[in-house]
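Student: After the structure tokens below, expect a handful of questions from me.
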Amino acid sequence: MIPVAVTTNPLDVGELTRHVSQDGGLGAVSTFIGLVRDNNLNRRVTHLEYEAYEPLAVKALEQICDEAAREWPGVRLAVHHRVGRIAIGEASIVIAAASAHRAHAFAASRYVIERVKQIVPIWKHEFFEGGEVWIEGAIADPQDEAARLEAVRRACA
Amino acid sequence: MRVTVRLFARLRDIAGSGELTRDAPAGATVADVWRGLVAEFPEMARYDSSISSAVNADYTKMAAAVAEGDEVAFLPPVSGG
């Protein structure tokens, strides 16, 4: 299994969990699953379509995993982001973080999702009752140290 | 020289295509390519202060030079997760 991937296929948290857990020295796995929600800003969402600049998205995910490994040495990570049309209740992203102890597993998984929202070139196209809109979040700057430190702060909160 | 321009999300909608081929003068920067796009698609001007860019699938500064055959990507604010 590729630990970092952008895929049109449904995501499998069990696959990622098994991938990061294959080491007897580990004591904890924390997983995060992002789901497509049926409402946003008082709009009734019918589905989402995610678009990626795939080669750069993969590189950005790898950068994030490298950053997390420097912040929490020994942590093992896997992250898959789904693109294309995704139905309500389905997973758009799955993250698994394994470590010897729970604190680093929790922190690393939170860090990865915060950084994904900052620097990975993926976009949500929201379809709702009465229209559609591209969601625009963070200005992507992988060298922005203040943003990275904010992700560390949230991960350790 | 010729460069391939890649556009995503709302920018792709505005241009009507996710991939364009455009001419750029020798010595042109990513910012020059962007200014050419805005001239062609004035609706893109509102992204002047929020755009990110990449050359050949690596993040780059707007001041970076582009070369013949480069793939220059313009990225509106991201919303993955």
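Student: Specify the angular offset, from 0 to 90 degrees and rounded to the nearest 10, of the alpha carbon long axis of helix B:30-40 from the longest principal axis of the alpha carbons in chain B.
Tutor: Rounded to the nearest ten degrees, it is 60.
Student: If you don't mind, there's one more thing I want to ask. How about chain B: which GluC sites (Glu not before Pro) there lie in a loop by DSSP and see at most 12 other Cβ atoms within 10 Å?
Tutor: Taking chain B and a limit of 12 other Cβ atoms within 10 Å, the loop GluC sites (Glu not before Pro) found are B:68.
Student: Something else now. From the Cα gyration tensor of region A:1-60, with a ≥ b ≥ c the square roots of its eigenvalues, which class applies: rounded if a/c is under 1.5, or else prolate if a/b is larger than b/c, or else oblate?
Tutor: oblate
Student: Please give the helix A:145-155 orientation as an angle from the longest Cα principal axis of chain A, in degrees from 0 to 90, rounded to the nearest 10.
Tutor: 80 degrees
Student: Rounded to whole Å, give me the distance from the Cα center of region A:66-121 to that of region B:24-66.
Tutor: When both Cα centres are located, 31 Å separates them.
Student: Averaged over A:126-138, how many beta carbons belonging to a partner chain fall within 10 Å of each residue's beta carbon?
Tutor: Across the residues of A:126-138, the mean count of other-chain Cβ atoms within 10 Å is 3.
Student: For Cα pairs less than 8 Å apart in space and 6+ apart in sequence, what is the mean separation divided by the residue count of region B:1-42, i.e. the relative contact order in percent?
Tutor: It rounds to 39 percent for region B:1-42.
Student: OK, next. Scan region A:127-157 for GluC sites (Glu not before Pro) in coil per DSSP, keeping those whose Cβ has at most 14 other Cβ atoms within 10 Å, and list them by number.
Tutor: A:129
Student: Okay, next question. Please sort by residue number the GluC sites (Glu not before Pro) in region A:43-92 whose DSSP state is loop and whose Cβ has at most 16 other Cβ atoms within 10 Å. Show your work: numbers first, answer last.
Tutor: On the way: sites: A:49, A:51, A:62, A:67, A:71, A:90; in loops: A:90.
Of the GluC sites (Glu not before Pro), the ones in loops of region A:43-92 whose Cβ has at most 16 other Cβ atoms within 10 Å are A:90.
Student: Using packing as a proxy for protection, rank B:23-30, B:5-12 so that the peptide with the highest average count of other Cβ atoms within 10 Å comes first.
Tutor: B:5-12, B:23-30
Student: Give, to the nearest whole percent, the P(r) tail of the protein assembly as shown beyond 24 angstrom, counting all Cα pairs.
Tutor: That tail contains 48 percent of the Cα-Cα pairs.
Student: Sticking with this structure for a sec: Counting just the Cα atoms, what span does region A:44-157 cover along each of its three principal axes? Round to the nearest Å and put the largest first.
Tutor: Largest first, region A:44-157 extends 47, 28, 28 Å along its Cα principal axes.
Student: Also, I was wondering about something else. For Cα pairs less than 8 Å apart in space and 6+ apart in sequence, what is the mean separation divided by the residue count of chain B, i.e. the relative contact order in percent?
Tutor: It rounds to 39 percent for chain B.
Student: Taking the Cα centre of the protein assembly as shown as origin, sum charge times position over the Cβ atoms of Lys and Arg (+1) and Asp and Glu (-1), and report the length of that vector in debye to the nearest 20. Walk me through the intermediate numbers first.
Tutor: Values: 25 positive and 32 negative charges, 137 e Å.
Computed about the Cα centre, the dipole is about 660 debye.
We did not get these values from a lab; they are worked out from the coordinates using the rules stated. Given the structure is predicted, the values throughout are model-derived calculations rather than measurements. Using ideal geometry, Cβ is built from the backbone for each residue, glycine included, and neighbour counts are taken over all protein chains shown.
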